[in-house]
Amino acid sequence: KQWYQRRVAITAGGTTEDAMTEFFNKQMKDCGLSCAAGNPVIATQINFERNFAFLELRSVEETTNCLAFDGINFMGQTLKIRRPNDYKPLPSNNPRGPSLTHIPGIISTFVEETPHKLFIGSLPQHLNEDQVKELLTSFGQLKSFTLVKDSGTGESKGYAFCEYMDHKNTDQAIEGLNGMALGEKKLIVNRAGAGKNNNSNATGLPIPISGMDIVSSLNEATEVLCLMNMITLDDLLDDDEYRDIVDDVREECGKHGKVRNVVIPRPIDGQAVPGQG
């Protein structure tokens, strides 16, 4: 059973099994993440058609340590390192398992769900990962970053997530970047969890949201989720942009359960349309 606990999956291509094994054995030793003498990586299997690999390590602890290299540069490419889909974690509040070691100089591609997770939206689609990271690092060192891409084309979807090493930089980045003009777009930058728990006031009563009639009590569960501060008027006016937003929302929400419908109100000339944005 421990065999499933001793593997990591890596998105990578253009290498060999021996080269990858040698690379990670050296990194584990150099960073002090090897738990005993000898090589921690005992096997590497690469699927060359799908550009991913499995690394098998000799211990569960060293497998967890290896996850700290998520985001490391190898042969000119940024590696994404995850647990395999068949991984069965021990009961924990952290979906990735035990707390991970941070290695200076490596920006993880996995942005954890914390109060300091930032959403960066309305990015011009021609910007690549390095360009977006350069923009963000002007406010501080990044702990983690991911630019969301279309799984079929590999092109940017125009939004990203990040977290800073120093959480003081979070508000500085929001203040400096939110509303900044980049080409024909204006950036939307806020905490990724903004609006999740902020729709109540000091009295404990719901804050009215335009276009939504609050008819249920605070303790009554519903099947409706309201996402706020996500899009701009320009996004709603452009047909292609609007379709992309609907598809993105459906895809992201679909990771947590079946989505029955996605409704995003759009402007109508001469009419006041509630619930926009």
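A quick yes/no check of all residues on (1) of a type in the set (Phe, Trp, Tyr); (2) in contact with a Ser or Thr (Cβ under 6 Å, 6 or more places away or on another chain); (3) under 18 Å from Ser108 (Cα atoms):
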position: Gly14; (1), (2), (3): no, no, no
position: Asp18; (1), (2), (3): no, no, no
position: Asn25; (1), (2), (3): no, no, no
position: Pro40; (1), (2), (3): no, yes, no
position: Ile46; (1), (2), (3): no, no, no
position: Asn51; (1), (2), (3): no, no, no
position: Leu57; (1), (2), (3): no, yes, no
position: Phe74; (1), (2), (3): yes, no, yes
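Just one of the listed residues (Gly176, Gly121, Gly140) is within 28 Å of Thr11 (Cα to Cα) and surrounded by fewer than 20 Cβ atoms within 10 Å (Cβ to Cβ), namely Gly140.
Residues in the range 147-169 that are in a strand (DSSP E or B), at pLDDT below 95 and not hydrophobic (A, V, I, L, M, F, W, C): Lys149, Ser156, Lys157, Gly158, Tyr159.
Counting only residues that are crowded, with 18+ Cβ neighbours inside 10 Å and under 16 Å from Phe74 (Cβ atoms), the range 34-55 holds 5 of them. Could you tell me whether the range 185-194 includes any residue that is modelled with pLDDT of 50 or more, farther than 25 Å from Gln131 by Cβ and assigned to a loop (DSSP other than H, G, I, E, B)? Yes, the conditions are met somewhere in the range 185-194.
Pairs are defined by a Cβ separation below 8 Å, a sequence spacing of at least 6 or placement on different chains, a first member in the range 238-263 that is over 23 Å from Thr222 (Cα atoms), and a second member that is assigned to a loop (DSSP other than H, G, I, E, B) and of a type outside the set (D, E, K, R); the pairs so defined are Tyr242/Ile264; Ile245/Met230; Ile245/Ile231; Ile245/Ile264.
Counting residues in the range 40-63 that are touching a Leu at 6+ places or on another chain (Cβ under 6 Å) and in a loop (DSSP other than H, G, I, E, B) gives one or more. Return only the number of the condition from (1) outside any helix (DSSP H, G or I); (2) in contact with a strand residue (DSSP E or B) (Cβ under 9 Å, 6 or more places away or on another chain); (3) farther than 22 Å from Ile106 by Cα that Ala36 does not satisfy. Just one mismatch for Ala36, condition (2).
The values are calculated or read from the model by the stated rules, or taken from the named source; none is laboratory data. No experiment lies behind these values; they were computed from the predicted model shown. Reconstructed Cβ throughout: ideal geometry from the backbone, glycine too, with neighbour counts over all protein chains shown.
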